[in-house]
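The values are calculated or read from the model by the stated rules, or taken from the named source; none is laboratory data. Here the structure is a predicted model, which is why all the values come from computation and not from measurement. A quick note on method: Cβ atoms are made from the backbone with ideal geometry, for glycine too, and the neighbour counts reach across all protein chains shown.
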Amino acid sequence: MPKNAYNTERTAVPSEIARGTDVQPPQIKHQIYLSCPTFTRAERSHNLELKKALEGMASVVEWVLPQERTSIAPPDPRKVAMYCFQQVRQSSLVVACLDGADADSGTCIEVGYALGLGIPVIGYRTDLRVSGKTEGLNVLLSHGVSRLVVAPSSVYSTESLAAGIINAIQDIGKEHSEESAA
């Protein structure tokens, strides 16, 4: 299998996670880039809440959330873009928010960039607008991501979403370990 070809599977949030059962944190010592829109107060709050939940489940990972590190006032778009590209290159994995009727264009660029570099991507949707085989995503996104975690916000908490992401990371880690052993 080529380095940047990954099996795409939908990862549902397991019922025991949704009920709040503990999840074993992955033993990964890598940087993971959180790719998500940051244009509204609600988006920025969700991003911070998700990062906090992920840190609580996998503290051995450096979770990079660009909105925390690009507080240039007024923002210099070129510097922000170069910073984001640099952080994607330095990451071993990208976790991308793919919410909306059409996923955020900047997030889509970061996803494509990561995939082009052979970096696996876990997409997630908290959006209620899911339908069909592609879960409401563009076909390139739905087949480009290594895993898709679907956790509609009307049903699942941020902690449940984070647990689903952690499970997807563990699955990808197992696959890569098996590929390396073969």
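Residues in region 103-144 that are part of a loop (DSSP other than H, G, I, E, B), surrounded by 18 or more Cβ atoms within 10 Å (Cβ to Cβ) and at pLDDT 95 or above: Ile119, Pro120.
When restricted to residues that are in contact with a helix residue (DSSP H, G or I) (Cβ under 8 Å, 6 or more places away or on another chain), among the aliphatic types (A, V, I, L, M) and assigned to a loop (DSSP other than H, G, I, E, B), region 34-88 contains 4.
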